[in-house]
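The values are calculated or read from the model by the stated rules, or taken from the named source; none is laboratory data. Here the structure is a predicted model, which means the values were calculated and not measured. Virtual Cβ from ideal backbone geometry, glycine too; neighbours counted across all protein chains shown.
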Amino acid sequence: MTRDVGVRASSVLNASRRVRELNLLADAGEVDLLVIGGGVTGAGVALDAASRGLSVVLAEAHDLAFGTSRWSSKLVHGGLRYLASGDIAVARESAVERHLLMTRIAPHLIRPLPQLLPFVDGVSTKQRVIGSTGFLLGDGLRRVAGTPAAVLPRPRRASAGEAVAMFPALSRRGLRGGMVATDGQLIDDARLVTAIARTAAAHGATILTRMRVTESDGNGATLVDELGGGTLRLRVRSVVNAAGVWAGQIDPDIRLRPSRGTHIVLDAAALGNPSAALTVPHPGSISRFVFALPAQLGRVIVGLTDVDAPGSIPDVPSPTEDEIDFLLTTLSLALERPLNRDDVRGSFAGLRPLVESGSGDSTADISRRHRVEVSSNGVIGILGGKLTTYRAMARDAVDLACRHGGLKAPACRTDSLALVGAPGSSVPFAYPDAGAPTEDPSRSLVARFGDEASAVLAAGGTRGAERVAEGIDVIRAEVEFAVRAEGALDADDVLDRRTRIGLVPEERAAAADAVAELVAETLADLD
């Protein structure tokens, strides 16, 4: 008998629901909207449209958050960088969307993260002054967006002792404290995508992973089941191409200039289990920084590069050796002990779907403003943008889809629509510390699942609280829940996207057999 997962049934994504919805789709007539791509933007489009009462199908060739959406810095930031470059509209939009995410939409998945600009020998006086001024300007964006200081505290000066307490590995050479500002940090970017997709499903959207789209135009597309279920020609009234860096493979009119952003993964314990992010300016720069961000599972994620990535688009991009060395060298400028390759536990890279401007500018200077337009084949393309502004991008895409396809629907309502697991109010969520592993699984579960945490644990049965491997802060119940309710179809989905164990190869190897066995047992129980 299939075990009840204890959450709203309409939000549950799993193999059984996929089969049922494919069968229903084969007999369906015309669908209002087809969304191509299961990243944060595609999931956002599906939720926006479904919440307006439109019939929606989302088709993703791989898994939810398979592409760029899982390779971010996991920040929901207020747009300070764009203000510095003069892109005021993008800066303001970022601050507003951060406010909505942290206070209404997903307060359970985002915590306020202090960011420390250290005043050490490796940071020049000019960098200190400009950086501190930037923090103050960023607080102005917070006020414009209406975010209370109780959610994002105001910038402040930190003493040397406070700076070391926040980031114990900080250099003591010339240390004169630092400046502290606060931004939003996701527990995980892939988890946000899953929550959006499940919320879309709860509003009636059909979410199909392992479903490749071919021969698409404004009137329909052919869906190819990558799991061997054959093909289906779907008639639709509007199509949105949200395939990110792969968008040009669907629409030949699209010209993208991908840029690669690389991160490395360090052991938080080796850095003293920091409670704040460290912000280190690039050598000689007053506008570019490397961030060391404390993250779940006892890790610190360090990034970010921004370099041209011409050529074919790989399924999984790879960092270059030069990028890894650059991150280690730059971060080490502010550390007591310089880092080396032995400190790197993992690395990852993502490709940004930047719109080709033809200007020849560095990819770091290309605007992150999104663009929504109708292609010559009638497909609506959504390009550019960034994770923080996914909801605004989705809103604009659905608005255009309605106009272009003659769809009658009410206005967007996702600015007040909470995702699954949210506490359902605008009161700031009590986010537990996710930086260091804990023996109490409930703390980590609340950080990752919000109000669904107790249901996740209960659905795991008598062995649900057992860890999948020694020293890894992921329990068996999370694996079962990933398969029963979050659309995971194999062990890779769980290791690499639902739990993020896979960001550290050594930990992935340690957990792989146990996760694969549990996934197989859970899938069999669903049959």
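Things to note:
- Qualifying residue in segment 323-332 (condition: of a type in the set (S, T, Y) and not in a helix (DSSP H, G or I)): no
- Scanning segment 262-291 for residues that are under 22 Å from the mean Cα position of the chain (by Cα), surrounded by fewer than 18 Cβ atoms within 10 Å (Cβ to Cβ) and not in a loop (DSSP other than H, G, I, E, B) yields one hit, D267.
- Qualifying residue in segment 450-458 (condition: part of a helix (DSSP H, G or I), under 30 Å from D225 (Cβ atoms) and not assigned by TED's automatic domain parsing to the domain that holds R299): yes
- Of all residues in segment 367-401, those being outside any helix (DSSP H, G or I), buried (at least 20 other Cβ atoms within 10 Å of the Cβ) and on the phi < 0 side of the Ramachandran plot number 9.
- Put simply, of V5, V35, V40 the only residue that is over 23 Å from N241 (Cβ atoms), crowded, with 22+ Cβ neighbours inside 10 Å and either in contact (Cβ under 8 Å) with a residue 60 or more places away in the chain or acidic (D, E) (or both) is V5.
- Considering residues of segment 470-506 that are buried (at least 17 other Cβ atoms within 10 Å of the Cβ), over 26 Å from L208 (Cβ atoms) and touching a residue at least 40 places away in the same chain (Cβ under 8 Å) only, the residue farthest from the chain's Cα centre (by Cα): R476
- Options R52, R81; residue that is outside the structural domain of R210 (by TED's automatic domain parsing), surrounded by fewer than 24 Cβ atoms within 10 Å (Cβ to Cβ) and in contact with a helix residue (DSSP H, G or I) (Cβ under 9 Å, 6 or more places away or on another chain): R81
- Per this entry, S94 is counted among residues that are in a helix (DSSP H, G or I) and outside the structural domain of M211 (by TED's automatic domain parsing).
- Among the residues making up segment 308-329, those that are under 28 Å from I110 (Cα atoms) and of a type in the set (V, I, T) are V316, I324.
- Taken over segment 274-312, the criterion of being at positive phi and touching an Asp or Glu at 6+ places or on another chain (Cβ under 9 Å) is satisfied by L297, G298.
- Restricting T462, T522 to those that are farther than 26 Å from D267 by Cβ, of a type in the set (V, I, T) and at pLDDT 95 or above reduces the list to T522.
- Of everything in segment 206-261 that is in a helix (DSSP H, G or I) and out of contact with any strand residue (DSSP E or B) (no Cβ under 6 Å at 6 or more places or on another chain), the residue that is nearest to L33 (Cα to Cα) is G244.
- Residue tally, condition under 26 Å from H263 (Cα atoms), of a type outside the set (A, V, I, L, M) and not in a helix (DSSP H, G or I), over segment 461-485: 3
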